[in-house]
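Okay, so here's the structure we're looking at.
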Amino acid sequence: MNSYKITANQLGQYQISRQDQIIGEWIYPKWYAKQSEIRHKDGRVWQVKAKSFWGNATEIFDAGGSLAEFKMRWNGSMEIQIFKPEQTYRFYFKLKGFWKTSYLLLDEHRHELCQLYPDMKWNRTHYDFSIETSEEFEQLDAKEIILFAMIACADYHLKSISSAAVSAS
């Protein structure tokens, strides 16, 4: 298994690293923003924007067009589509357990590729994440964009849970 660490340095800013090497950052300009940027270590920048008013579908794109899209499905899981010139790839992001929150990423054949574990930092009131990936995941051409999409899916799900808990109280 390979490990990635996602650290929320401050509100709205995530840093992704592997073996203490920074891969990139995900930056929200404001805490309520529907648009954000992914900045890679090599200088590439991807834009992230909600595709609909309700925010249940989100797109990652660059100057060349759409790279990925993820959307909430009726059963609570999220579908991630990665757009490559030759083909569109589908992945599914879903909650693994009910009592202990962790997530799975499955390929289109429902084979497990990786697990994501949120770690609530109560003193900073936000989540850090760790991701354990399989060798199959490491062989994917689009693993970098899938990592960022997984973070967004987990963040979306955790915010949904938090807002539901606040609304219920």
Residues in segment 121-135: is at least one in a loop (DSSP other than H, G, I, E, B), closer than 23 Å to GLN15 by Cα, touching a residue at least 60 places away in the same chain (Cβ under 8 Å) and among the hydrophobic types (A, V, I, L, M, F, W, C)?
-> no
Filtered residues of segment 53-77 (kept if open to solvent by 40 Å² or more (accessible area, probe 1.4 Å), part of a loop (DSSP other than H, G, I, E, B) and among the polar types (S, T, N, Q)) = ASN56, ASN75
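Here is a yes/no grid of residues against (1) at pLDDT 90 or above; (2) assigned to a loop (DSSP other than H, G, I, E, B); (3) farther than 22 Å from ALA68 by Cβ; (4) open to solvent by 90 Å² or more (accessible area, probe 1.4 Å):
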site	(1), (2), (3), (4)
PHE83	yes, no, no, no
THR88	yes, no, no, no
GLY97	no, yes, yes, no
LYS100	no, yes, yes, yes
LEU104	yes, no, no, no
ARG110	yes, yes, no, yes
LEU113	yes, no, no, no
LEU116	yes, no, no, no
Pick from segment 127-169 the residues that are modelled with pLDDT of 80 or more and loosely packed, with under 12 Cβ neighbours inside 10 Å: which of them is nearest to LEU113 (Cα to Cα)?
-> GLU135
Only one of these is at positive phi and open to solvent by 20 Å² or more (accessible area, probe 1.4 Å): GLN19, GLN15, GLN10, GLN35. Name it.
-> GLN19
Check segment 16-25 and report whether any residue there is among the basic types (Lys, Arg) and touching a Phe, Trp or Tyr at 6+ places or on another chain (Cβ under 7 Å).
-> yes
Using beta carbons and a limit of 6 Å, which pairs, at least six apart or on different chains, have the first residue in segment 21-33 and at pLDDT below 90 and assigned to a loop (DSSP other than H, G, I, E, B) and the second one open to solvent by 100 Å² or more (accessible area, probe 1.4 Å) and of a type outside the set (Ser, Thr, Tyr)?
-> TRP31/LEU11
Contact list, first residue from segment 50-69 and under 23 Å from LEU158 (Cα atoms) and touching a residue at least 40 places away in the same chain (Cβ under 8 Å), second anywhere and hydrophobic (A, V, I, L, M, F, W, C) and open to solvent by 50 Å² or more (accessible area, probe 1.4 Å), beta-carbon distance below 8 Å, six or more apart or interchain, is ALA68/PHE83
Give just the number: which of (1) under 17 Å from CYS153 (Cβ atoms); (2) in contact with an Asp or Glu (Cβ under 9 Å, 6 or more places away or on another chain) does MET78 not satisfy?
-> (2)
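The values are calculated or read from the model by the stated rules, or taken from the named source; none is laboratory data. Keep in mind the model is a prediction, meaning the values are calculated, not measured. Reconstructed Cβ throughout: ideal geometry from the backbone, glycine too, with neighbour counts over all protein chains shown. Side chains included, ligands, DNA and RNA excluded: accessible areas come from the protein's heavy atoms. Shrake-Rupley method; radii C 1.70, N 1.55, O 1.52, S 1.80 Å.
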